[in-house]
Structure formats: structure tokens, C-alpha cells
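Engineer: Attaching a single structure in C-alpha cells format; questions to follow.
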Amino acid sequence: AGVVLVNVGPQREKARRTRAIADIKEMDTMLEIYHADNGDYPTSQQGLQALITEPSTPPVPGNWQGPYMKNRRQPPLDPWGNEYVYVSPGQQNPDTFDLYSYGADGRSGGSGKDEDVVPWEE
């Protein structure tokens, strides 16, 4: 009987990228609900934590209806164990926000498995 070796690395990275995109889309929806309730998106300083606990730094939301992320104390980490990058107002999306992952290396840029996961390029 022969032994068949299968390289699952590429499939694993594809699954991680797919998970990151799904996480980003879910948080994007929560940020839109936050915006509908409060008239603004959380600032970069307030970050994604504003979806879990009401911000106390200006601009303090006037109609916070959260938590927008249920059953969490912290925002989720990306599939590589790093924080998602949230910038508001965004550089790519100046009227809203940018939300993305730096990918496997946890740093801006990169290629292959280290490529950033940016939804506006997917």
C-alpha cells in the first residue's frame, strides 16, 4: 500500500482568508447598525471595542444601543491571532471606515499568505 501526502497548507490559508472576510463583513454590519443608532461611526481611538462597551471618549454616542457584539469582552482576533485594523474615517473609505486584516505576518503589505485581507480588493 502506498502513502499519499497531501499539502493542506494552501487550503488552510484560503480558509483563514475566507474566515477573515466573513468576520469583517459581520463587523461591518455591526458598525452600520452603530452608525444608524448614533449618527457616527466609532473613531479610530474608540475602535471596535465601541461595539461591545459604550465609549466614554468624545464623541460620546448619543443613542448607544449595544452591545452590538454579543457575548464578547473584546473584539475578535483575525484567524492569525492579530487584531483587525479599524480606521475611521478610512483612507480607502473616507466617508465611513476601513476594516481589514494584516494577514499571516501581522504587518502591513506582504504577498502570498502574508498578503493583507482588505475587503475592497476581494
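Engineer: How many percent of the alpha carbon pairs in the chain exceed a separation of 17 Å?
Structural biologist: Summing the P(r) of the chain above 17 Å gives 59 percent of all pairs.
Engineer: Mind checking the dipole of segment 10-121: about its Cα centre, +1 per Lys or Arg Cβ, -1 per Asp or Glu Cβ, Debye to the nearest 20?
Structural biologist: Roughly 500 debye for segment 10-121.
Engineer: Okay, moving on. May I ask which residue of Asn71, Gly110, Asn93 lies farthest towards the positive end of the charge dipole of segment 10-121, with charges of +1 (Lys, Arg) and -1 (Asp, Glu) on Cβ and the Cα centre as origin?
Structural biologist: Asn71
Engineer: Shifting gears a bit: List the relative contact order of the chain as a percent without decimals, with contacts defined as Cα pairs under 8 Å and 6+ residues apart.
Structural biologist: So the answer I get is 20 percent.
Rule-based calculations on the coordinates, nothing more; no lab input. If you're wondering where the values come from, they're calculated on a predicted model, not measured in any experiment. Note: ideal-geometry Cβ built from the backbone for every residue, glycine included; neighbour counts use all protein chains shown.
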